[in-house]
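Worksheet for the structure shown next.
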Amino acid sequence: MARPLDHAKRAELLEAVVGYIAEHGLADLSLRPLAAALGTSSRMLIYYFGTKEELLVQALSTHRPDLDAVFADIHDATALRERLWNFYRANAAGPEAVSNTVMLQVLGAACAPAAPYARYAGEAIATFTSTLTTRLRELVSPDDPEVVATLLISGLRGILQDRLITGDTERTDRAARRLIDQTIR
């Protein structure tokens, strides 16, 4: 009889995976060093998650914010601008920065042909776009709220990536603020 899953251990592993990848990178991720850093074996990781890719997808899923909750209490354009600014800042330097670093790596990897993360990345983008489109439609009624949401999400993601690569916080913060302020009126 197979051993039952230890759900507490599984949750602990998922939490640690994102931090490990943020520190060591996704490109050369190998299960043996990952397992050793997590205090387990590669065999146990496969037992819990099936594949390396599924392990990462599940780890990222546990860190995905509830976007409906993030934007739920917004009632006007000014509040939406400020919430987006705060969301950007949290993903740039706040508690969400670690999982954002990993997410940017996954999005890059998802661009490759037959990428194992393409479905997850597409769903993450679609969820954020849909949520923001709905709020834009309700609050500011732009001509094409889906395009405005795409511009904001893709633009802020690009600015976050720029910040991560260059370390230029002052310039990237100014760019993010301008993008938000000029896009949501």
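The values are calculated or read from the model by the stated rules, or taken from the named source; none is laboratory data. This structure is a prediction, so every number in the text was calculated from the model and none was measured. Virtual Cβ from ideal backbone geometry, glycine too; neighbours counted across all protein chains shown. These accessible areas exclude ligands, DNA and RNA; they are computed on the full protein's heavy atoms, side chains included. Shrake-Rupley method; radii C 1.70, N 1.55, O 1.52, S 1.80 Å.
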- Task: Determine the pairs where a residue that is under 13 Å from Val98 (Cα atoms), located within region 14-43, has a partner that is assigned to a loop (DSSP other than H, G, I, E, B) with Cβ atoms under 8 Å apart, the partner being 6 or more residues away or on another chain.
- Result: Ile21/Leu29
- Item | Set Ala109, Ala114: member being of a type in the set (Gly, Ala, Ser) and open to solvent by less than 60 Å² (accessible area, probe 1.4 Å) | Ala109
- Message: Just to be sure I understand the filter: pairs with C-beta atoms under 8 Å, separated by 6 or more residues or on different chains, first member in region 146-169 and buried (at least 18 other Cβ atoms within 10 Å of the Cβ), second member basic (Lys, Arg). Which pairs pass?
- Response: none
- Members of region 59-69 found to be of a type in the set (D, E, K, R) and either touching a residue at least 40 places away in the same chain (Cβ under 8 Å) or open to solvent by less than 60 Å² (accessible area, probe 1.4 Å) (or both), listed by number: Arg64, Asp68
- Which helices (runs of 4 or more DSSP H) does region 24-79 wholly contain that include 3 or more residues that are of a type in the set (D, E, K, R) and under 20 Å from the mean Cα position of the chain (by Cα)? 52-63
- Note on the structure: In the set Leu136, Leu156, the lone residue that is of a type in the set (A, V, I, L, M, F, W, C), in the same structural domain as Trp85 (by the TED database), assigned to a helix (DSSP H, G or I) and over 30 Å from Leu55 (Cβ atoms) is Leu136
- Message: For region 70-106, which positions are of a type in the set (Val, Ile, Thr) and either surrounded by 14 or more Cβ atoms within 10 Å (Cβ to Cβ) or in contact with a helix residue (DSSP H, G or I) (Cβ under 9 Å, 6 or more places away or on another chain) (or both)?
- Response: Val70, Ile74, Val98, Thr101, Val102, Val106
